[in-house]
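Undergrad: Encoded as structure tokens, here's the structure I'll be asking about.
The values are calculated or read from the model by the stated rules, or taken from the named source; none is laboratory data. The model shown is predicted, which means the values in this text are computed figures rather than measured ones. When we count neighbours, we look across all protein chains shown, and the Cβ atoms used for this are built from the backbone with ideal geometry, even at glycine.
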Amino acid sequence: MAAAHFQSLARFREPFHWKGLILQSLSFEMLQNATRVMTADQHDRHILLNKPYWSDYWASLGQFNMRRWNDGDSIKVNYIGHPMQGAISGYIQIQNDPQGRELRISRGHAYWKSRYHSFLWSTVYSTWWEIGPLGETAIFNQGGFTYPIRCDSHPGRSNYCESPKAMYTNNTGWVDFIITPIVGTLWLVGEDTIDRYISDPLVQRHPDVFMYKVIRSSLNPPRSLANLLRGRYPWWRDYEHPGAGDSSMHQQYVRMLYDEPEEHFEIDFHSASFGLQTNRPGCMNCRQTVNGAGVGLGIRLKRYLDFVADVSVLPDASPVSSMSVGGTMTRATFGLRSGYYKERYAIRISLAPGFARYSCTGPDPKKMRPSYNFATSAILSGDLYFSRHLGVRVSATQTLIRYRGERDPGGIGTPPRLSFLSNDNYINSTNWGVQFGPVVRF
């Protein structure tokens, strides 16, 4: 009888939270990238904003030098910053593991098995961060070019970086692949020890004193950040709240996002006006208001999540042709939309990547051809419904279009400052627009 009861309990054991693991890891990656972008210099921002993304990513990936240990970063970056990254990604795995999140450091097999699993995920995350399409190889293209190092360690020698004795790197090597998960896991175990023997006794003796919770958070910064990424307070410990699982805020969000709604889709027909940089007789690259029309499609995926598509045509948007602009522009985007809606009205925002096609481009009038430019639209829309099936929609649109620009001149990337990146450059143009028209729901 007892064995049958045990099997019944095991059958309903809480599964591993893979969705939480992936979403929280991606959130951590976006936080890292946002920090890097905000602190980047002009050269790095130019690479990110004006160079071709995918071709430079593959070129950078192909130049990884795995015949050396050090990548040229400072000690604090390689042996402090990256281990902290490893500890944070490890805690993200732990807090999504129902079998490990409530464990405290001990000699028991369950604890060390849990931390071994966190080490494996830390290894996966570290490798993804180094060579993945959203990591350091893609954002700022580590491996794609060489640069001098240790310039700051030679005070009074401002010409050191240009001297033959200067040391160069392309920011690749084994160090981050190895140090991040191994030292990061040791860091994690060390902070588990601090929790068990320093932080926990203070909080347990003074459960209502806020300062001791702050001290706990300060003594374990990786777990504090991991907690924030799942919607918990930084000082949260699962073993103090057995069975609590995810935060109520997270549960409400997941319920809101993934509850199955009534099936329906919608079609909207709209007029469109955009302020575009166009070429006209006597005025090249001048911003003009261009009018057109389009049609949009919305398909309900979940209660608060829609798939959206939009195609707009702007006839003769740029009468004079150039290398990347000319003729009629067709904008097509495909993405996701979420927001708030009631029976009679709705306010929603969507993010949709796609392309902007110009019908005839090229400097030679005899060799005109269509050009396709990457585009992304962010749309804030408001709906007013007259009945269950018919309404009107007004949308404010911000569309970013990447146009091909002038190529880099020859001579860039000569030794010792090698460069394996493309000579192509792109111009990012942001364009405000307004769309208005009827919407039909089914």
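Undergrad: Would you check if Thr289 is of a type in the set (Val, Ile, Thr), surrounded by fewer than 18 Cβ atoms within 10 Å (Cβ to Cβ) and in contact with a Gly (Cβ under 7 Å, 6 or more places away or on another chain)?
TA: Answer is yes for this residue.
Undergrad: Identify the residue in the range 188-225 that is closer than 19 Å to Ile94 by Cβ and of a type in the set (S, T, N, Q) and, among all such residues, is surrounded by the most Cβ atoms within 10 Å (Cβ to Cβ).
TA: Going through the qualifying residues, I end up with Asn220.
Undergrad: Next up: Identify all residues within the range 118-136 that are under 14 Å from the mean Cα position of the chain (by Cα) and either in a strand (DSSP E or B) or not aromatic (Phe, Trp, Tyr) (or both); write none if there are none.
TA: Hits for the range 118-136 are Gly132, Pro133, Leu134, Gly135, Glu136.
Undergrad: Going through Leu305, Leu314, Leu276 one at a time, which residue ends up being of a type in the set (A, V, I, L, M), under 30 Å from Lys19 (Cβ atoms), modelled with pLDDT of 85 or more and surrounded by 14 or more Cβ atoms within 10 Å (Cβ to Cβ)?
TA: Result: Leu305 is the single residue among Leu305, Leu314, Leu276 that is of a type in the set (A, V, I, L, M), under 30 Å from Lys19 (Cβ atoms), modelled with pLDDT of 85 or more and surrounded by 14 or more Cβ atoms within 10 Å (Cβ to Cβ).
Undergrad: Let me ask another. Filter the range 337-382 down to residues that are in a loop (DSSP other than H, G, I, E, B) and basic (Lys, Arg) and give me whichever is surrounded by the most Cβ atoms within 10 Å (Cβ to Cβ).
TA: It comes out as Arg344.
Undergrad: Now, a different point. So, of the residues in the range 226-244 that are over 11 Å from Arg101 (Cβ atoms) and aromatic (Phe, Trp, Tyr), which turns out to be surrounded by the fewest Cβ atoms within 10 Å (Cβ to Cβ)?
TA: Going through the qualifying residues, I end up with Tyr233.
Undergrad: Still on this structure, please answer the following. Any idea which residue in the range 133-149 is modelled with the highest pLDDT, counting only those that are touching a strand residue (DSSP E or B) at 6+ places or on another chain (Cβ under 6 Å) and either more than 15 Å from Leu421 (Cβ to Cβ) or surrounded by fewer than 18 Cβ atoms within 10 Å (Cβ to Cβ) (or both)?
TA: The extreme case among them is Pro148.
Undergrad: Shifting gears a bit: With the structure loaded, tell me whether His264 is at pLDDT below 95 and within 30 Å of Pro438 (Cβ to Cβ) or whether it fails that test.
TA: yes
Undergrad: Is there any pair with a first residue in the range 326-338 that is outside the structural domain of Asp383 (by TED's automatic domain parsing) and farther than 28 Å from Cys286 by Cα and a second that is buried (at least 18 other Cβ atoms within 10 Å of the Cβ) and at pLDDT 95 or above whose Cβ atoms are under 6 Å apart and which are 6 or more apart or on different chains, and what are they?
TA: none
Undergrad: Further question: Here is a list: Gln95, Gln85. Which entry is touching a residue at least 24 places away in the same chain (Cβ under 8 Å), polar (S, T, N, Q) and under 18 Å from Arg196 (Cα atoms)?
TA: Within the list Gln95, Gln85, the selection yields Gln95.
Undergrad: Here's another thing I want to ask about it. Is there any pair linking a residue in the range 381-403 that is in the same structural domain as Phe334 (by TED's automatic domain parsing) to one that is crowded, with 21+ Cβ neighbours inside 10 Å and among the aromatic types (Phe, Trp, Tyr), with Cβ under 9 Å and at least six apart or on different chains, and which?
TA: Final answer for the pair search is Thr397/Phe274; Thr399/Phe274.
Undergrad: Turning to a different aspect of this structure: Based on what the data block shows, is Val325 surrounded by 20 or more Cβ atoms within 10 Å (Cβ to Cβ) and either at positive phi or outside any strand (DSSP E or B) (or both)?
TA: Judged against the criteria, Val325 is a match.
Undergrad: May I pose another question? Looking at the range 77-95, can you tell me whether even one residue there is surrounded by fewer than 18 Cβ atoms within 10 Å (Cβ to Cβ) and not in a helix (DSSP H, G or I)?
TA: No: zero hits.
Here's the yes/no breakdown for (1) modelled with pLDDT of 95 or more; (2) over 15 Å from Asn141 (Cα atoms):
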residue: Ala40; (1), (2): no, no
residue: Arg67; (1), (2): no, yes
residue: Asn70; (1), (2): no, yes
residue: Gln95; (1), (2): yes, yes
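Undergrad: I would also like to ask the following. Take the conditions surrounded by 13 or more Cβ atoms within 10 Å (Cβ to Cβ), modelled with pLDDT of 90 or more and either outside the structural domain of Ile139 (by TED's automatic domain parsing) or closer than 21 Å to Tyr403 by Cβ (or both) and apply them to Leu31. Does it pass?
TA: Taking the combined requirement at face value, the residue does not satisfy it.
Undergrad: Also: Go through Arg104, Arg68 for me and flag whichever is farther than 21 Å from Thr146 by Cβ, in contact (Cβ under 8 Å) with a residue 60 or more places away in the chain and not small (Gly, Ala, Ser).
TA: From the options Arg104, Arg68, the qualifying one is Arg104.
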